[in-house]
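Here, each number is a calculation from the coordinates, and none is a lab measurement. Source: prediction; values computed, not measured. Glycine also receives a Cβ, built like all others from the backbone with ideal geometry; neighbour counts cover every protein chain displayed.
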Amino acid sequence: MSSPSALEIQPPEESWNTPEAARPKVGFVSLGCPKNLVDSEVMMGLLHRGGAELTPRAEDAEILVVNTCSFIDSAKQESVDTILEMVEHKIANGGRAKKLIVAGCLVERYRDEIQKNIPQVDAVVGTGELESILEAAGLSRPAATETNSPFNILTTAQIERHASSVNQHSRPENDSAQIINETTSRPEGDAREAAGRFSREAWDGAQTALPTYLYTAETPRILTTPRASAYIKIAEGCDHPCSFCIIPQLRGKFRSRPIASIVAEAQHLIAQGVREITLIGQDTTCYGEDLAPDAELGRRAELGDLLEALAPLPGLKWLRFLYAYPNKITTRLLETIARHDNIAKYLDVPLQHASANVLRRMKRGGTADRFLQIIDKARSIVPSLVLRTSFIVGFPGETDEDFAELCKFVEAAKFDWLGVFSYSDEEGAQAFTHEHKIPKRTIESRRRKLMKLQQKISAKAKKQWIGREVELLVEGESEETELLWQGRALDHAPEIDGKVLINDFGPHEELVPGTFYRAEITESHDYDVVARIIE
Ligand code: SF4
């Protein structure tokens, strides 16, 4: 590793902000989940508005930003590997980059340690200080902005979409005065804070103040998702006590954006061509519990109210939300989903386990029977409901009986989509101190067994799709082969669920990515299905 003195930045940063100077080129790598991706999009928007030009090629960048994930060990490792890869592009190593900035969850966890251990890192930006990306990049003073830069960030080319995103977010300054974020806090969050839930004391190198930042409809943002589709982060942070999870320490207490801010952002997204909006947050079903009571509603707004406000927006074809907490799925929420044609009949409820013993030690509560009741109720109120969940196997103390109960539950519940994660022991999470850790080989074997079980359930369910007519959002050429194209039906959330592969364009010479078509399902596989376009 090179010494820090070899990394002095030339020329001085100030020159980047002078009108006659070339705009600094910024390369951006975003790791982790969609929530982190929205943070990346916000930082890219800020950088662009601050006068930077974004480039997809790390070798062309003068400033490199890595927005990291630190949720579990493998994510931390990927973050560190990516930072080290970017170090190779620095001047000290014969590259072009003058500055390397590390942002995101890794900074919340190891703020002081990052620069100590990787001296080529010039600045760090935590999840609660996204706007300081400008200062970190030496762009603290306003610079000329252009909206036609052909930049493309991350891995895929979405140049047209990107340019339109920049235009869309360049809105009148006085918009911001109309939206006031009147948050208070959730009593549960306050009580858990008092009990030490958010404490970072066990973490050397972390800052004690928790993030409180929330972006607004006025914050510039550059979309990087495939055309016609965008995420909106409706809340940040989490107050839940799950004993395996360090997200609350990384992201801070739960805080919601006001409905008006989210509706304003959705309207601007739709105006620039977005047709599918996916609402995200650590737990979207807690939405509104921290907001001041709404005068019109006579109570605090809930997720159902937000959906009611968004669904009628002209031009919005598909609306969905991810990451529901099981005991927060209310009848009112389900009825709202059922009432609107453009709200996906789709629930993503990460249940984490089904054995009451494990759930209790996970500090989540619930039982397999209770979960089956919730699922039955949801399916009765929302016919044809698509259900997604995820589980953690190998939690400390998980017995063969606990795992067998989980398998039995999966067979009974028949989820449409299911993810299985191996337990990862995280310092700072309460479960880190639990005894009876499960050997890695056992964890892996349980993970494989549960996936195999789901594979059979999924393959059988996908057979039922054959002959079905669906509306398809075409995404483009298949990621696996150029012989096929791919798209998604309303039953598929972006990126995480199976795909609809297209092998027959029907009446069309060509398909246009980001456009909706009617299609008929002609074949099925374990998770994916094959379709021909009919309209
Ligand atoms: S709900 Fe539980 S698992 Fe999800 S982010 Fe909050 S604490 Fe973590």
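Suppose every K and R has +1 on its Cβ and every D and E has -1 on its Cβ; what is the size of the dipole of region 451-502 about the Cα centre, in Debye to the nearest 20?
580
Using mean Cβ contacts within 10 Å as the protection proxy, how do 262-272, 472-482 order, highest first? Working shown, then result.
Numbers: 262-272: 19.7, 472-482: 16.6.
The most tightly packed comes first, giving 262-272, 472-482.
Based solely on C-alpha atoms, express the radius of gyration and the Dmax of region 426-501 in angstrom.
18.7, 52
Computed FRET efficiency, Cβ-Cβ of Ala195 and His508, R0 56 Å: what is it to the nearest 0.05? Please report the intermediate quantities before stating the final value.
Values: r = 59 Å, r/R0 = 1.06.
Result of the calculation: an efficiency of 0.40.
Using only the Cα atoms of region 295-391, what semi-axes does the equivalent ellipsoid have when each is the square root of 5 times a gyration tensor eigenvalue? Give whole Å, largest first. Intermediate results must be reported in sequence, preceding the final value.
Values: eigenvalues 143, 47, 27 Å².
Whole-Å semi-axes of the equivalent ellipsoid: 27, 15, 12.
Find how many whole Å separate the alpha carbon centroid of region 471-535 from the alpha carbon centroid of region 29-59.
29
Nearest 5 is fine: what % of DSSP beta bridges in the chain come out antiparallel, could you say? Please report the intermediate quantities before stating the final value.
On the way: 21 of 63 bridges.
Of the beta bridges lying entirely in the chain, close to 35 percent run antiparallel.
How much of the calculated P(r) for region 73-115 lies past 15 Å, in percent of all Cα pairs? Each step should come with its number before you reach the end.
Values: 400 of 903 pairs.
Result for the distance tail: 44 percent.
From the phi of every residue in region 512-519, what ³J(HN,Hα) in whole Hz does the Karplus formula 6.51 cos²θ - 1.76 cosθ + 1.60 yield, where θ is phi - 60° and glycine or proline is x?
Here the 3J(HN,Hα) series is 10, x, x, 10, 9, 10, 9, 9 Hz.
Once Rh is set to the Kirkwood radius over Cα pairs, what Stokes-Einstein translational diffusion coefficient, in µm²/s, holds for the chain at a temperature of 10 °C and a viscosity of 1.306 mPa s?
The calculation lands on 65 µm²/s.
Cut-off under 30 Å on the C-alpha distance; same-chain residues fewer than 8 positions from Lys440 excluded. Which lysines are left, in chain and number order?
Lys35, Lys76, Lys363, Lys408, Lys414, Lys449, Lys452, Lys456
Sorted from fewest to most neighbouring beta carbons within 10 Å, what does the list Asp425, Asp290 look like? Please list the in-between numbers first.
Details: Asp425 17, Asp290 23.
Ordered from fewest to most neighbouring Cβ atoms within 10 Å, Asp425, Asp290 come out as Asp425, Asp290.
log₁₀ I(q)/I(0) of region 189-317 at q = 0.15 Å⁻¹, via Debye over equal Cα point scatterers, no solvent, to two decimals?
-0.78
Highest mean first, how do 391-397, 63-69, 90-96, 341-347 rank when packing is the count of other Cβ atoms within 10 Å averaged over residues?
Put in order of decreasing packing, that is 63-69, 391-397, 341-347, 90-96.
Neighbour counts of other C-beta atoms within 10 Å: give me Cys105, Cys407 arranged from fewest to most.
Cys407, Cys105
About its Cα centre, how strong a charge dipole does the chain have in debye, to the nearest 20, once Lys and Arg get +1 and Asp and Glu get -1 at the Cβ?
Roughly 1360 debye, rounded to the nearest 20.
Taking only the Cα atoms of region 493-535, how large is their convex hull per residue, in Å³?
Numbers: hull volume 3.1 nm³, N = 43.
Enclosed volume per residue, from the Cα hull, is 73 Å³.
If one computes the Cα centroid of region 201-262 and of region 336-374, what distance in Å separates the two points?
Distance between centres, Cα-based: 22 Å.
Neighbouring Cβ atoms within 10 Å as the yardstick, rank Leu310, Leu483, Leu450 fewest first. Provide the component values of the computation, followed by the final result.
Working: Leu310 24, Leu483 9, Leu450 18.
Ordered by Cβ neighbours within 10 Å, fewest first: Leu483, Leu450, Leu310.
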